[in-house]
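**Q** This structure is in structure tokens; I'll ask about it shortly.
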Amino acid sequence: MFKKNQILKNYFNNYIQQIADEEDLDQGQIAEGLQQGSMVILANPKHTGVKPTLIGQPGSIKVNANLGTSPFLNDIDLEISKTKAAEEAGAHTVMDLSTGGDLDSIRTKMMESTALPLGTVPIYGVAQKYIADQRDPAEMTSSELFEEIQKQAEQGVDFMTLHCGVTAKGAALARGENRKLGIVSRGGSILARWMERNQKENPLLEDFDRLLRICLEYNVVISLGDGLRPGAGADAGDGAQWQEVIVLGELASMAKEYGVQVMIEGPGHVPLHLIQSQIQSVKRICHSAPLYVLGPLTTDIAPGYDHIVGAIGGALAGYYGADFLCYITPAEHLTLPNENDVWQGVKASLLAAHSAEISIQRPKSVDRNNAISQARSDLDWEKIKEHALDPAIVSKRREKFASREECAMCGEFCAVKLLR
């Protein structure tokens, strides 16, 4: 990898000690992971001041926050505010999924507002122009799509969701009678429509070499999108999903040989009993490339509470090998998230990541967990806040009785005090 990707080599040489210290890993582990493709470093040198961020276990499990406008709600100031909320809540990356307004301006302002790596879905930028003119996005040309990818790479985008594995065969399977919810990925649906109307194969697949050349030039990490992911628990593990995963495994190998870093996007809606087999199978088929999962959501009945459902699935996914959790907010399936939704979504996914890391005995997470347990034993509220997921909420909930040593639930019945 280093021989073919000079930008990655430079980041490794300049930031390896910093990354190793943050991750509690030695430099050799990271070098081996990058070389084998089981780790990636998100950092496009065109993104001024970007924080090079490692994705891939045994490094820490990272959390991404999806942001961006919609055709119904387009407020750039809100998106900048949400970007700051995500960073303050502890997100490691953000994605701009905007589909309304001046997308170039939104994207560049978001990058200017944060040092966190920023991801996008370039096909939205092309399709939006057609939809805004009340034209069919299936009329776009493959050249327009690659020009958009090139432009966004030049602007500084650090990673891109590219649905290269959506084939005409896979799309037909996903739209068949055996699926309850068809294709739920916006990028996947746009490409499925394009292939049907033009009677051609996916241009991102057909001209994958062109894509690799662009991404190598800017060290853009390709996040191979799961355009045929299950959008309902009943669809998890069907033929369309696995047909795409097999293609993604082949593309991941090609990218690695070319020197381009790759992640794999994982399943969406998956019942609890299938998460282990799904995660481990995707990792195996895709040669242990970092796995980026949306949730997964373990039940479909929770609009308004999907951040909780996503955290349940995310914890199990992380335990079984997922490397990167895309947050779910309380707004999922309902509306565009606001700042509070972003905060809640990031915190829920951080809890999922921490729960997984305790189970796999990651030293930093185990030490933090033990430290807060000791602080509770000592009734040391300052230490409890120091190690808590959200120190501010600890202070807020204790505000009325902050002068008391005990919590207001137990008071003088405090079990810890009774047995001192």
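**Q** Within the range 24-37, track down each residue that is touching a helix residue (DSSP H, G or I) at 6+ places or on another chain (Cβ under 7 Å) and surrounded by fewer than 12 Cβ atoms within 10 Å (Cβ to Cβ).
**A** D26
**Q** Condition first: under 26 Å from E112 (Cα atoms), touching a Phe, Trp or Tyr at 6+ places or on another chain (Cβ under 9 Å) and among the charged types (D, E, K, R). Now tell me which residues in the range 1-50 satisfy that.
**A** Matches in the range 1-50: K9, K46.
**Q** Consider the range 228-277. How many of its residues are surrounded by fewer than 18 Cβ atoms within 10 Å (Cβ to Cβ), under 15 Å from V166 (Cβ atoms) and among the charged types (D, E, K, R)?
**A** Number of matching residues: 2.
**Q** State whether one or more residues within the range 161-173 are under 23 Å from A115 (Cα atoms) and assigned by TED's automatic domain parsing to the domain that holds C286.
**A** Of the range 161-173, the ones under 23 Å from A115 (Cα atoms) are 161-162.
From what is left, the residues that are assigned by TED's automatic domain parsing to the domain that holds C286 are 161-162.
Scanning the range 161-173 turns up at least one residue that is under 23 Å from A115 (Cα atoms) and assigned by TED's automatic domain parsing to the domain that holds C286.
**Q** Would you call Q280 assigned by TED's automatic domain parsing to the domain that holds S253, buried (at least 19 other Cβ atoms within 10 Å of the Cβ), modelled with pLDDT of 95 or more and among the polar types (S, T, N, Q)?
**A** no
**Q** Take the range 184-225 and flag every residue that is over 23 Å from G156 (Cα atoms) and of a type in the set (D, E).
**A** Within the range 184-225, E196, E201, E206 qualify.
**Q** Among the candidates S403, S359, S365, S373, single out the residue that is within 27 Å of the chain's Cα centre (by Cα), farther than 22 Å from A89 by Cα and not hydrophobic (A, V, I, L, M, F, W, C). Even if it seems obvious, please write down each step before you answer.
**A** Details: S403 fails: within 27 Å of the chain's Cα centre (by Cα); S365 fails: farther than 22 Å from A89 by Cα; S373 fails: within 27 Å of the chain's Cα centre (by Cα).
None of the others qualify; the one that does is S359.
**Q** Kindly indicate whether any position in the range 91-108 is within 21 Å of V342 (Cα to Cα), modelled with pLDDT of 95 or more, in contact with a His (Cβ under 7 Å, 6 or more places away or on another chain) and not charged (D, E, K, R).
**A** No, the conditions are met nowhere in the range 91-108.
**Q** Looking for whichever is over 26 Å from G345 (Cα atoms), surrounded by fewer than 16 Cβ atoms within 10 Å (Cβ to Cβ), of a type in the set (D, E) and assigned by TED's automatic domain parsing to the domain that holds V342 here; the options are D21, D77. Which one fits? Give the steps one after another, and end with the answer.
**A** Numbers: D77 fails: over 26 Å from G345 (Cα atoms).
Answer to the check: D21.
**Q** Of the residues that make up the range 118-134, is at least one among the basic types (K, R), within 23 Å of E265 (Cα to Cα) and touching a helix residue (DSSP H, G or I) at 6+ places or on another chain (Cβ under 9 Å)? If you could, list the steps in order and put the result at the bottom.
**A** Step one: filter the range 118-134 for residues among the basic types (K, R), giving 129.
Among the residues that remain, those that are also within 23 Å of E265 (Cα to Cα) are: none.
No, because not a single residue in the range 118-134 is among the basic types (K, R), within 23 Å of E265 (Cα to Cα) and touching a helix residue (DSSP H, G or I) at 6+ places or on another chain (Cβ under 9 Å).
**Q** Do you know which residues across the range 386-407 are in a helix (DSSP H, G or I) and of a type outside the set (D, E, K, R)?
**A** First, the residues of the range 386-407 that are in a helix (DSSP H, G or I): 386-387, 391-401.
Once the filter is applied, which keeps residues that are in a helix (DSSP H, G or I) and of a type outside the set (D, E, K, R), the range 386-407 yields H387, P391, A392, I393, V394, S395, F401.
**Q** If you don't mind, there's one more thing I want to ask. Residues that are of a type in the set (S, T, N, Q) and closer than 30 Å to D77 by Cβ, at least 3 per element: which helices (runs of 4 or more DSSP H) completely within the range 266-385 meet that? Please lay out each step first, then the result.
**A** Details: elements: 272-285, 306-319, 339-359, 363-377.
It comes to 339-359.
**Q** When you scan the range 51-66, do you find a residue that is in the same structural domain as V157 (by TED's automatic domain parsing), surrounded by fewer than 19 Cβ atoms within 10 Å (Cβ to Cβ) and among the polar types (S, T, N, Q), even just one?
**A** Looking through the range 51-66, none of the residues is in the same structural domain as V157 (by TED's automatic domain parsing), surrounded by fewer than 19 Cβ atoms within 10 Å (Cβ to Cβ) and among the polar types (S, T, N, Q).
**Q** Determine, yes or no, whether L228 is assigned by TED's automatic domain parsing to the domain that holds E154, under 23 Å from M39 (Cβ atoms) and in contact with a helix residue (DSSP H, G or I) (Cβ under 6 Å, 6 or more places away or on another chain). Step through it out loud before you land on a result.
**A** On the way: assigned by TED's automatic domain parsing to the domain that holds E154: yes; under 23 Å from M39 (Cβ atoms): no; in contact with a helix residue (DSSP H, G or I) (Cβ under 6 Å, 6 or more places away or on another chain): yes.
So L228 fails the test.
**Q** Which condition does R107 not pass, out of (1) over 25 Å from G249 (Cβ atoms); (2) in contact with a Phe, Trp or Tyr (Cβ under 7 Å, 6 or more places away or on another chain), if it passes all the others?
**A** (2)
**Q** Can you give me the number of residues within the range 109-149 that are farther than 21 Å from A192 by Cβ, crowded, with 18+ Cβ neighbours inside 10 Å and not small (G, A, S)?
**A** 6
**Q** Can you tell me how many residues within the range 206-261 are without any contact (Cβ under 8 Å) to a residue 12 or more places away in the chain and touching a strand residue (DSSP E or B) at 6+ places or on another chain (Cβ under 7 Å)?
**A** Within the range 206-261, residues that are without any contact (Cβ under 8 Å) to a residue 12 or more places away in the chain and touching a strand residue (DSSP E or B) at 6+ places or on another chain (Cβ under 7 Å) number 0.
**Q** Follow-up question, since we're still on this one. Please enumerate the residues belonging to the range 337-362 that are over 20 Å from L97 (Cβ atoms) and either among the small types (G, A, S) or modelled with pLDDT under 95 (or both).
**A** Correct list: A352, A353, S355, A356, S359.
**Q** Could you say which residue among L212, L204 is under 30 Å from I7 (Cα atoms), surrounded by 22 or more Cβ atoms within 10 Å (Cβ to Cβ) and touching a helix residue (DSSP H, G or I) at 6+ places or on another chain (Cβ under 7 Å)?
**A** Working: L212 fails: surrounded by 22 or more Cβ atoms within 10 Å (Cβ to Cβ).
Only one candidate passes the filter, namely L204.
The values are calculated or read from the model by the stated rules, or taken from the named source; none is laboratory data. Note that the structure is a prediction, hence the values are computed from the model and not measured. Cβ sites come from the backbone with ideal geometry, for glycine too, and all protein chains shown count toward neighbours.
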